[in-house]
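Since the structure comes first, as structure tokens, the remarks are kept for the end.
The values are calculated or read from the model by the stated rules, or taken from the named source; none is laboratory data. Bear in mind that the values here come from a model prediction, so they are computed numbers and not experimental data. Because the Cβ atoms are built from the backbone with ideal geometry, glycine has one as well, and the counts that use them run over all protein chains shown.
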Amino acid sequence: MTKKVYIVLLNYNGWEDTIECLESVLKNDYDNYQIIVVDNDSPNNSMEYIINWAEGKQEIVYDENSQLRHLSQPFELKPLKYIYYKKEEALKGGEKEKELELNNNPLILIQAGENGGFAAGNNIGIKYALAKNDFEYIWLLNNDTVIEENSLSSLVNYASKNNLGISGSTLLYYDNPKMVQAYGGTINKFFGTSKHILDQDEIEKKLDYVVGASFLISKKVIHKIGLLPEEYFLYYEETDYCFNARNNDFKLGVCVDSKVYHKEGNSTGASGDSNNKNDFSDVLILKNRIKFHKKYLGGGISLWLGIMIAFMKRVKRGHSNRILKVLYDSI
């Protein structure tokens, strides 16, 4: 029997993206998985829309000109069997008798009841899986993605064959499917800045972290180092987790044959370019860069030299207000 995988999708105000992602995930060819959707208390009633979709009551219309419409269409037949839990119920492992009725529609919906951030929301899904204790991997998949039919099977096979603790996919741009967004990421050990790896040949030499949009974690890693770090709220969680895993002798890797198409920035209203990020995203990145550097790279003069350069760039762009917010919370 293939190794069971829990696929965790975190939703916050992104029910349309989540539904498109779910439609593509339900078409994947891996035969032993369960989907967990955690909603971080979306004020736009996302969970209601997702439930209506599962019951066949929510009409979803996608751009017929999309190059990737074949990954989510034709839509799955509805209604789909699902179980809805509040956070407290999910953390106990849910209700076994109810879940026996799911059969081939493995959909668990969990309302977090609060927005504790990226790590906290995903940790609810991980805790649910740990309570079930019937899996080998957890796949954290961004809700603003779509996957190919073999994305998960390729990823699991690669991780298992190479004895990897954390594994990632080839990330490509949803709106430009032939363009690589990232094979993984590398960290400048002096300044603490992060950069996506765009050359497949550089993965083995430069990989410092797996990008969180497709993040397959072995159960062994979770048992050894625990849950995702929640002190970041958003950004740098996966980098911290990968550094922690490596410090505990786990290997990282990227399966280039596992392809995931990502609508980068949809969850926060920001793209990958720091010049185009909103205040919220940019301030979080700078604050979390400081936290990460102090934790793993020693802090000191190299950190603050790098932050000073980042500040000067933002002053030049007219974003000096962000500097005060970062300094207020970080010094």
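Regarding SER167, is this residue surrounded by 14 or more Cβ atoms within 10 Å (Cβ to Cβ) and either at pLDDT below 95 or in contact with a Gly (Cβ under 8 Å, 6 or more places away or on another chain) (or both)? Yes: the conditions hold for SER167.
Is it true that LYS127 is basic (Lys, Arg), part of a loop (DSSP other than H, G, I, E, B) and in contact with a helix residue (DSSP H, G or I) (Cβ under 9 Å, 6 or more places away or on another chain)? Taking the combined requirement at face value, the residue does not satisfy it. Scan the helices (runs of 4 or more DSSP H) fully inside segment 46-105 and keep the ones with 1 or more residues being surrounded by 17 or more Cβ atoms within 10 Å (Cβ to Cβ), assigned by TED's automatic domain parsing to the domain that holds GLY14 and touching a Ser or Thr at 6+ places or on another chain (Cβ under 9 Å). Per the criteria, 46-54. Pairs meeting the criteria (first residue in segment 123-141 and farther than 19 Å from GLY14 by Cβ, second residue aromatic (Phe, Trp, Tyr) and not in a strand (DSSP E or B), beta carbons under 9 Å, at least 6 apart or on different chains) are ALA129/PHE135. Kindly indicate whether SER154 is hydroxyl-bearing (Ser, Thr, Tyr), in a strand (DSSP E or B) and in contact (Cβ under 8 Å) with a residue 12 or more places away in the chain. No.
Scanning segment 51-79 for residues that are closer than 23 Å to GLU148 by Cα and in contact (Cβ under 8 Å) with a residue 40 or more places away in the chain returns ALA54, ILE60, TYR62, GLN67, LEU68, LEU71, SER72, GLN73, PHE75, GLU76. Would you mind stating whether TYR137 is modelled with pLDDT of 95 or more and in the same structural domain as GLU23 (by TED's automatic domain parsing)? The answer is yes for TYR137.
Given the condition under 30 Å from HIS70 (Cβ atoms) and either touching a Phe, Trp or Tyr at 6+ places or on another chain (Cβ under 8 Å) or of a type in the set (Gly, Ala, Ser) (or both), answer yes or no: does some residue in segment 223-233 qualify? No - not one qualifying residue is present in segment 223-233. The single residue among GLY212, GLY226 that is within 18 Å of ASN288 (Cβ to Cβ) and at pLDDT 95 or above turns out to be GLY212.
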